[in-house]
1. Where does each of Met407, Met360 land when they are ranked from fewest to most other beta-carbon atoms within 10 angstrom?
2. Using a Förster radius of 45 Å, what is the FRET efficiency between Phe174 and Ser209 based on their Cβ-Cβ separation? Nearest 0.05, please.
3. Go ahead and run the numbers for FRET between Lys25 and Ser266, Cβ-Cβ distance against an R0 of 51 Å, rounding to 0.05.
4. Tell me the relative contact order for the stretch 46-139 as a rounded percent, counting alpha carbon contacts under 8 Å between residues six or more apart.
5. Angle between the Cα long axis of helix 81-91 and the longest principal axis of the chain, 0 to 90 degrees, nearest 10?
6. Would you pull out the residues with amide H under 5 Å of Ile345's amide H, same chain only if 5 or more places away, H placed 1.01 Å from N?
7. Packing-wise, with mean Cβ within 10 Å as the measure, how do 87-99, 408-420 rank, highest first?
8. Which label belongs to the value computed from this structure, given these candidates for Kirkwood radius over Cα pairs in Å: [x] 23.5; [y] 22.5; [z] 26.5?
Amino acid sequence: MKTFITDDFLLYNETAKELYHNTAKDLPIIDYHNHLKQDEILQDKKFDDIADIWLGGDHYKWRAMRANGIHEDYITGNKSGYEKFMKWAETVPNTFGNPLYHWTHLELLRYFDIDELLDEKSAPAIWEETNRKLQTPELSVRSLLKKDKVEFVGTTDDPTDSLEHHIALKEEGFDITVSPSFRPDKGLFIEREEFLPWVEKLGEVTDSSIENYDAFLTAFEKRVNYFDEHGCKSSDHGLDVFFYKEARKEEVEKIFTKRLNGEPLSEVEIEKFKTYTLLFLGELYAEKGWAMQLHLGAIRNNNKRMFKLLGPDTGFDSIGDLLIADKLSNFLGALSENDKLPKTILYSLNAKDYDVLASMAGNFQSDEVPGKVQFGTAWWFNDTIDGMEDQMKTLANIGLISNFIGMLTDSRSFLSFTRHEYFRRILCNLLGTWVEEHKVPKDMELLEKYVRNICYENAKRYFSI
């Protein structure tokens with residue numbers, strides 16, 4: 001059976017169709033936040049089969065399969081790629097209303113020219129056809145990036161990473177910019193078991209002995225400088241619970257020493273350490289001209305039994321509901337007061353905080369760059385038609401959607417760039433609907449400028465690409 005993805009998929013009025021086909025469709029992609037493996041770009045990897053590229057680390061699909069009663073052996077277990085793919089095919093017809101249904105068929109159509117619904121009947125033939133094409137040069141990693149007109153890829157990297165693959169790509173002259181992003185979470189979560197081993201590793205890569213807090217901050221600064229030298233444009237922070245507790249440096253020095261000595265810390269001490277350290281980093285980011293991305297509101301590893309079996313990032317995270325407004329205001333205000341607030345992007349996993357973040361962003365704008373503080377795109381569980389529309393409507397209601405830096409994949413898959421197409425169709429339809437409802441004028445030149453800026457130009461300017 002032919003799929004439902006026509007040329008006018010998700011475009012429900014003539015203005016939307018005109019905006020998408022004439023402006024949005026062929027714009028290049030700036031994917032400023034994802035979890036792609038840069039070594040796979042360097043080696044121009046070809047994937048063994050469709051299960052490898054589709055199911056190898058996609059916790060979105062894993063969650064859907066579990067919800068469909070699929071045994072874990074077929075999800076993260078030792079079953080063959082074909083067996084896992086067949087179980088995914090069995091699940092797909094049950095995903096109406098979930099973006100996975102659209103993403104699956106968009107990817108089949110765009111990358112494999114398969115205009116057919118995936119289900120148990122069609123799966124064997126689709127398995128054969130996708131695997132045949134995956135062995136061709138046209139579907140190697142670099143070919144996929146070029147096919148999608150990707151100009152910029154912002155990976156996610158630990159401060160202790162050597163960045164050797166980024167360096168090699170740049171030295172080679174690869175014509176797509178692959179930029180590292182600074183993800184220092186392991187150096188902020190002082191209460192976790194991994195903190196001390198990570199500090200030791202930080203000392204190794206900076207050729208220093210970290211025996212006190214000053215040495216810790218100096219080592220962090222060295223890594224910020226190192227990342228900056230190798231093309232970093234932003235930091236990224238997964239802050240499930242936002243924090244702010246004022247502290248003097250002398251206090252934090254004692255807290256750090258206690259942790260080095262294996263002494264227990266109070267909740268207040270932990271919060272003071274995180275606050276002072278992140279403020280220090282924020283000032284460094286401002287000096288470098290980086291953007292600081294704050295991902296707020298997840299509650300992770302809810303299923304402790306499965307966490308012990310599979311580890312983190314395996315599909316057992318969900319939406320948190322803690323309050324963030326006061327502490328976020330104090331944090332941004334502390335940086336702004338010293339004129340050290342970097343460009344900042346605020347993402348919420350909980351849609352209840354959309355109004356909070358959109359209004360908070362408006363408190364700290366400046367003339368440095370339009371939309372210096374961004375209410376970031378719909379993220380993770382909100383990465384749906386409704387979620388993206390709600391995020392953009394909230395931004396338009398409270399701020400300026402014209403300065404929005406648009407979509408990112410936040411993905412580990414090289415087939416996920418169709419999510420930019422998905423977003424662009426939704427954006428064009430939203431603007432077209434506003435025209436049809438007489439909420440905005442049918443000024444095609446102005447509307448096309450909105451589309452071009454939100455899909456491409458704003459991000460290019462914001463990240464100084």
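1. Sorted ascending by nearby Cβ count, the order is Met360, Met407.
2. E(calc), rounded to 0.05, equals 0.75.
3. Calculated value: 0.40.
4. Once normalised by length, the contact order is 35 percent.
5. 80 degrees
6. Residues meeting the criterion, in which the H sits 1.01 Å from N, are Met292, Gln293, Leu294, Gln374.
7. Taking the mean over residues of other Cβ atoms within 10 Å, the ranking is 408-420, 87-99.
8. Calculated Kirkwood radius over Cα pairs in Å: the matching label is [x].
No value in this document is a laboratory result; all are computed from the given coordinates. Computed from a predicted model, the values in this text were never measured in an experiment. Positions of Cβ are generated from backbone atoms using ideal geometry, with glycine treated the same way; all protein chains shown enter the neighbour counts.
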